[in-house]
Amino acid sequence: MATVSDNPSSRTLKKGGELRGKVRVPGDKSISHRALLFGSIAEGLTTIKGLLPSEDPLSTAACLRSMGVSISPIQQGEAVEIQGVGLDGLKEPEEILDCGNSGTTMRLLLGLLAGRERRHFVLTGDSSLRKRPMQRVGKPLKVMGADIQGRSNGDLAPLSIQGKKLHGAIIGTPVASAQIKSALLLAALTADGPTTVIEPARSRDHSERMLRAFGADVEIGGEMGRHITVKPGPKLIGQHLVVPGDISSAAFWLVAGAVIPGSDITIENVGINPTRTGVLEVLQSMGANVECINTIDVTGEPVGDLRIKHGPLKAFNISKEMMPRLIDEIPILSVAACFCEGESRITGANELRVKETDRLAVMARQLKAMGANIEEQQDGLVIQGGSTLHGNILDSETDHRVAMSLAIAALMAKGKSTLLRGDSAAVSYPNFWEHLESLQT
Ligand code: S3P
């Protein structure tokens, strides 16, 4: 039996048996942030069911409240109500806006606030977020007329924004990033003319879908929908939203179910937006026993139940072109690679180095400590499957997705592991440890 200790920051994990049963992962993090942000600048009431009650969306909500938006308490199982203040109704905050650990909060707020004329804002975050690059958003916003200052030539938080009238522009982004795209689309809502964002590859499209639902004028064109145009003008109108389960959280159970002998897990109500389902394609290419059932559309996003059963697995390749569709699943897929037959290669993954941690370095370091045959490369990982992993003292290094990935690796390792800073899972999946226990019994 795998055990979970009582100390939230240090978890003891042992090789356990099969994982079986049904689980409902919490709401999608990307959609939750957007629901809070768009609801705040809409007119009238927005209600949100299934909002992720974890640290990152709580950071977004706290920032919005500091700017005068009324948002009801965010609690597991309760609908959230937002009284929107309209497109230009955000107040100048009296205090610094703390984005915590959340890159999405900081980057989307940069876009939202750059166009608030005559108002000044300061954004900061925790020590991880203060190291993450923000010029990727600041630079294109400057093309629209934004005034953003910060450390390291405006790249690092704390960042100060002096709101300005923004101009519509045509902007090519250097990386396929939904955070950059969404920041620009938010800025575009109050610019003086249309703005087109051209991405090198299509990133997750939750902003486009939800902005349209709120009544914004959003056009999607170009090859593979890489050109997104927002025409300012229409007001956003409050909506009733339902947030599906997060496929990035489901990914931990998908991999656990695929690699742990005897497992059979159904993850209900998962968002299966095609810009997010790269993990399913990889599992299919590995020969995993995965199926998607009961698919429906829920407030503009496709949703389904995912069932995974253990079976033999082949090695896989992930290249740059797939990266936007599974960017957050690389840590758990690197764990999957340890338990399949042959050599798996992940390339084109440089973006992983600027996430909550340098996820290529951290996963290589931590899995090596368990005896995995894993080689860190400049833009990816090469992993030989089939080595027996052994328990060790592991460290999430404060990264939520690393914590949960290492937990699954530890369930397959010989002997005991101690996972330090396992509590970081709460950034995106507050009840991860409870769900693990429920699947073990
Ligand atoms: C997100 C976009 C991705 C992803 C992050 C959430 C979003 O980041 O890794 O967890 O909600 O827009 P990038 O935009 O940096 O790729």
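Does VAL122 fit the bill of being more than 16 Å from the ligand (Cβ to nearest atom) and either part of a helix (DSSP H, G or I) or not charged (D, E, K, R) (or both)? So VAL122 fits the description; yes.
On the stretch given as segment 56-87, residues that are within 16 Å of the ligand (Cβ to nearest atom) and open to solvent by 10 Å² or more (accessible area, probe 1.4 Å) total 2. When residues in segment 267-311 are screened for being outside any strand (DSSP E or B) and without any contact (Cβ under 8 Å) to a residue 60 or more places away in the chain, 15 of them pass. For segment 88-124, the set of residues classified as surrounded by 18 or more Cβ atoms within 10 Å (Cβ to Cβ) and more than 20 Å from ASP56 (Cα to Cα) consists of LEU90, ALA114, GLY115, ARG116, listed by residue number.
Looking for something modelled with pLDDT of 95 or more, crowded, with 23+ Cβ neighbours inside 10 Å and assigned by TED's automatic domain parsing to the domain that holds GLY39 - is there at least one such residue anywhere in segment 252-262? Looking for residues that are modelled with pLDDT of 95 or more, crowded, with 23+ Cβ neighbours inside 10 Å and assigned by TED's automatic domain parsing to the domain that holds GLY39, one finds none in segment 252-262, hence no.
The values are calculated or read from the model by the stated rules, or taken from the named source; none is laboratory data. Worth saying up front: this structure is predicted, and the values here are computed from it rather than measured. Heads up, the Cβs are rebuilt from the backbone with ideal geometry, glycines too, and the neighbour counts pull from every protein chain shown. These area figures cover heavy atoms from the full protein model, side chains too; ligands, DNA and RNA do not enter into them. Shrake-Rupley method; radii C 1.70, N 1.55, O 1.52, S 1.80 Å.
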